[in-house]
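Enquirer: Quick one: the structure is below, questions incoming.
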Amino acid sequence: MAQNKPRHFLTLLDLSPAELQALITRATELKTLQAQGKNPALFENKVLGMIFEKSSTRTRVSFEAGMAQMGGHALFLSPRDTQLGRGEPIEDSARVLSRMVDMVMIRTFAHETVERFAAYSKVPVINALTDEYHPCQLLADIQTFTEHRGSIDGKAVAWVGDGNNMCQSYINAARQWNFELRIVCPPGFEPRADLLERNRDRIKLCKTPKEAVQDSDLVVTDTWASMGQEDEKKLREQAFAGYQVNAELMSHARSDALFMHCLPAYRGKEVSTELMDAPNAVIWEEAENRLHAQKALIEFLFTHHQA
């Protein structure tokens with residue numbers, strides 16, 4: 001019997017708004033089951049291949065633990081361990097690996113890498129971070145907001161800092177979950193112009209952090225220098241002076257506004273130490289929810305692959 005073409009998760013746009021919302025609901029259900037010690041063995045005899053070309057803490061642990069908790073297994077593959085690191089074409093690696101494992105997640109630099117891999121894979125492929133997008137983190141962020149404040153539909157979210165892969169994923173999230181996204185970046189550090197243009201009805205580009213944060217329901221930031229940009233660190237610290245999220249900046253948001261950061265955070269740089277430890281900072285739960293949201297995502301992709 002011919003196998004269905006697999007569903008992939010390369011950006012948030014690969015799922016419909018209704019599918020994404022159902023996934024968030026399921027993630028919270030799985031979180032509750034785990035707290036009760038009732039993890040269902042839904043991934044029994046399933047293997048997740050994990051390709052890491054960028055280093056990771058939360059991504060590796062959350063995917064590996066999630067597979068183990070649900071009865072499956074995860075294989076960690078670094079460039080040192082695979083032919084990909086020796087120059088084997090991505091298409092060839094995809095053809096081979098997807099015949100041996102049940103799903104593949106990839107954390108890499110160029111977004112084109114995951115697109116090329118997915119095009120030749122027989123099994124679902126998950127983007128676990130590229131230079132362009134980080135959709136798995138957005139699942140965790142939306143889950144966290146929903147658990148604390150209810151639906152994010154119609155809310156105002158402020159992005160303060162670099163127009164990086166997280167910012168670009170928030171643009172897609174604004175479209176899929178129907179919230180207003182206010183973006184403030186230093187000149188020259190804005191997100192992709194085509195993304196901004198396509199989502200003009202959801203986005204407001206602001207001139208100052210205060211303008212972006214004013215009366216917002218959620219404030220989000222990220223490190224000023226992402227992986228691969230270490231040589232730009234000093235330059236970026238100068239460019240981003242005045243973009244720190246701290247108690248003073250948060251005072252302009254709504255009184256019940258939440259603060260998120262996908263971590264790792266550099267205290268005293270993009271976020272103050274006091275805010276990291278403040279009651280409205282939900283960053284530790286946000287990090288934990290990577291585990292639950294990704295379990296729900298894996299379940300969704302397995303279900304739709306076998307349907």
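Enquirer: Any idea which of (1) touching a strand residue (DSSP E or B) at 6+ places or on another chain (Cβ under 8 Å); (2) over 30 Å from Pro89 (Cα atoms) is the one Thr223 doesn't satisfy?
Expert: (1)
Enquirer: I'm told Arg267 meets every condition in (1) basic (Lys, Arg); (2) closer than 28 Å to Pro17 by Cβ; (3) surrounded by fewer than 20 Cβ atoms within 10 Å (Cβ to Cβ) except one. Can you identify the failing condition by its number?
Expert: Going through the list (1) basic (Lys, Arg); (2) closer than 28 Å to Pro17 by Cβ; (3) surrounded by fewer than 20 Cβ atoms within 10 Å (Cβ to Cβ), Arg267 breaks only (2).
Enquirer: Assess whether Val96 counts as being touching a strand residue (DSSP E or B) at 6+ places or on another chain (Cβ under 6 Å) and either among the hydroxyl-bearing types (Ser, Thr, Tyr) or over 30 Å from Phe189 (Cβ atoms) (or both).
Expert: No; evaluated as a whole, the condition is false for this residue.
For (1) part of a helix (DSSP H, G or I); (2) over 24 Å from the mean Cα position of the chain (by Cα), each residue gets a yes or a no:
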| residue | (1), (2) |
| --- | --- |
| Gly242 | no, yes |
| Ala253 | no, no |
| Leu263 | no, no |
| Glu274 | yes, yes |
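Enquirer: Then there is this: Among the residues in segment 233-243, are any within 22 Å of Leu48 (Cβ to Cβ), in contact with an Asp or Glu (Cβ under 8 Å, 6 or more places away or on another chain) and in contact (Cβ under 8 Å) with a residue 12 or more places away in the chain?
Expert: Taking every residue of segment 233-243 in turn, none turns out to be within 22 Å of Leu48 (Cβ to Cβ), in contact with an Asp or Glu (Cβ under 8 Å, 6 or more places away or on another chain) and in contact (Cβ under 8 Å) with a residue 12 or more places away in the chain.
Enquirer: Another question about this same structure. Look at Thr130 and say whether it is of a type in the set (Ser, Thr, Tyr) and either closer than 16 Å to Thr221 by Cα or outside any loop (DSSP other than H, G, I, E, B) (or both).
Expert: no
Enquirer: Now for a separate question. Any idea which residue in segment 270-287 is surrounded by the fewest Cβ atoms within 10 Å (Cβ to Cβ), counting only those that are over 16 Å from His134 (Cα atoms) and among the charged types (D, E, K, R)?
Expert: Across segment 270-287, the extreme among qualifying residues is Asp277.
Enquirer: Would you be able to tell me the number of residues in segment 120-143 that are touching a residue at least 60 places away in the same chain (Cβ under 8 Å) and of a type in the set (Phe, Trp, Tyr)?
Expert: Qualifying residue count, segment 120-143: 1.
Enquirer: Can you confirm whether Gln294 is outside the structural domain of Glu147 (by TED's automatic domain parsing), surrounded by 19 or more Cβ atoms within 10 Å (Cβ to Cβ) and among the polar types (S, T, N, Q)?
Expert: Against the criterion (outside the structural domain of Glu147 (by TED's automatic domain parsing), surrounded by 19 or more Cβ atoms within 10 Å (Cβ to Cβ) and among the polar types (S, T, N, Q)), Gln294 qualifies.
The values are calculated or read from the model by the stated rules, or taken from the named source; none is laboratory data. From a predicted model like this one, the values you see are computed outputs, not experimental measurements. Don't worry about glycine lacking a Cβ; one is built from the backbone with ideal geometry, like all the others, and counts go over all protein chains shown.
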